[in-house]
Amino acid sequence: MPGRAAAIRIGFGLLVLAVLATAITTRPAKRLVDFDQAFYLTIAYDLRHHGVFSSGVFDTVDSTRAVPPPGMFFAPLYPWLVAAAATVDPRFGRTLDCTIEANENHRDLATCEIYARPVLLLHALLLALAVLAIGRAAEIAGGSPRLFYAAGALAIVGFVAEADLLSFVMTESLSIAVFSLFGLTVVMALARWRWMDFAACGVALGLACLTRPTFLLLAPVMLAIIAAARWLPPSAGEPAAPAERPFWRSVTAFAVALAVMLVPWLARNAVSIGKLGFTEEYGSAALIERIAFNAMTLREALWAVPACLPAVGPPLVERLAGPEAHARFVYDTPNSFFWLGRNRRDALVAAHGRLDPVTGPIVREELIGALPRHLATSLPLAWCGLWVGRAFGLLLVPLAAWGLVRAVRRRRWLLVAYAVPALVLVGVHGVLANHYPRYNLGLIGPASALAAWAMADALARRRSGAA
């Protein structure tokens, strides 16, 4: 039976990969300068041609003509993967080079082939691994092997629904994969309380941080989860008593492993750039753009509640209140919050050269000095960011909310702990970033696990006659 079960899981994994690869590679082809792709492709170009990890489009050097300076605007992992894909597949390498040269106005973009197949297949592989990690986490946290397939199936639907976004050469697929791996290690660590599991958790979070700097905020969150879990009543499969949960050894293993993952990047920045830090300008740019949303009116905030519902919300609000009620939430409309923030950011860069030196006074005056308003406007932004999976989110998110409430009532603390990091990030993005669900796609994993467990648990209790 174990051999048969393993064969079934391998078959499931291959099916997941085939479905995701088909969904992503059959999306309409995109020029590699569309959306934010040039951010990562320019850095990949600089890595290949100059051996320099630059800030890409955020420095002032045309790297098709000169060597760019080292940069640290973006985290390194995704540009390295893109550069590796361009090395492995020369056809993609030629497309990458042509696109960046066209982006610097040295050739006609129409002469560049539209080709990103190796990266898209890599995205499918990363997402398939994410599905398997989500299924395994649900199985451990929910205490049933059937949840591996149920949660995995829900996650597949969620990712397929987002296939168009995931077919851009951007970080979403990698960030979902490493975040899902982190979630699995959290569940494994809290289920077994072995130091090596907490070390694996630190490694996984380190990979996530090297994909997106925002994940750094989960380090103290994880420490809080460990502290809380140390004293909570055990869930199924956990050590029976708090005395069997070695707090300090667990915290140390997590922290040391995380440090091992991050120190090389920090050291590189200190040596190459002269700044001991993880990133520069990234946080300032996000904050400047986020502060623009504080101009939101009460009417706009209220109408955002229905308007952010996928598929049904925008046409409903437009019919009831007119297109202007939610217009400033749409990034490509005139005077939108996005463009207000982006234009201000560009103006500050033009005037001062860099954002970091001038962001402090702006944050003190317009964020901290107006904290009640900033927090109030964060609520509709966080609400909008919850709705991952597009139209499928209309089913998945309410089921997950029901599952979370049910898990708390049933004291299924592993399921709750699994959901906490993703929910924290939803709030963080509302406070510090914007309302776009693309930044919260990692929520699909915990949402799928909670939804699958809640439905399975309700069905089991109904069959047994329990309340």
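The values are calculated or read from the model by the stated rules, or taken from the named source; none is laboratory data. For clarity, every value in this text was computed on a predicted model and none was experimentally measured. Glycine also receives a Cβ, built like all others from the backbone with ideal geometry; neighbour counts cover every protein chain displayed. To get the accessible areas, we keep the full protein, side chains included, count just its heavy atoms, and leave off ligands, DNA and RNA. Shrake-Rupley method; radii C 1.70, N 1.55, O 1.52, S 1.80 Å.
Laid out as a table, the results:
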quantity: Cross-chain or 6+ apart pairs with Cβ under 9 Å, the range 45-73 first and in contact (Cβ under 8 Å) with a residue 12 or more places away in the chain and among the basic types (Lys, Arg), then open to solvent by less than 60 Å² (accessible area, probe 1.4 Å) and not in a loop (DSSP other than H, G, I, E, B); calculated: ARG48/ALA83; ARG48/ALA86; ARG48/GLY93; ARG48/LEU96; ARG48/ASP97
quantity: Matching option when the condition is in contact with a helix residue (DSSP H, G or I) (Cβ under 8 Å, 6 or more places away or on another chain), outside any helix (DSSP H, G or I) and surrounded by 24 or more Cβ atoms within 10 Å (Cβ to Cβ), among VAL178, VAL169; calculated: VAL169
quantity: Index of the failed condition, VAL388 passing every other in (1) open to solvent by less than 70 Å² (accessible area, probe 1.4 Å); (2) part of a helix (DSSP H, G or I); calculated: (2)
quantity: Per-region count, the range 277-307, residues acidic (Asp, Glu) and part of a helix (DSSP H, G or I); calculated: 2
quantity: The range 308-344, subset part of a helix (DSSP H, G or I) and among the charged types (D, E, K, R), residue most open to solvent (accessible area, probe 1.4 Å); calculated: ARG319
quantity: Candidates ALA137, ALA110, filtered to the one that is modelled with pLDDT under 95 and in contact with a helix residue (DSSP H, G or I) (Cβ under 9 Å, 6 or more places away or on another chain); calculated: ALA110
quantity: From the options ALA422, ALA417, residue that is more than 28 Å from LEU298 (Cα to Cα), open to solvent by less than 20 Å² (accessible area, probe 1.4 Å) and either of a type in the set (Lys, Arg) or modelled with pLDDT of 95 or more (or both); calculated: ALA417
quantity: Candidate set from the range 191-212 (those that are open to solvent by less than 20 Å² (accessible area, probe 1.4 Å) and modelled with pLDDT under 95); member that is farthest from ALA447 (Cα to Cα); calculated: TRP193
quantity: Hey, GLU101 among the acidic types (Asp, Glu) and assigned to a helix (DSSP H, G or I) or not; calculated: yes
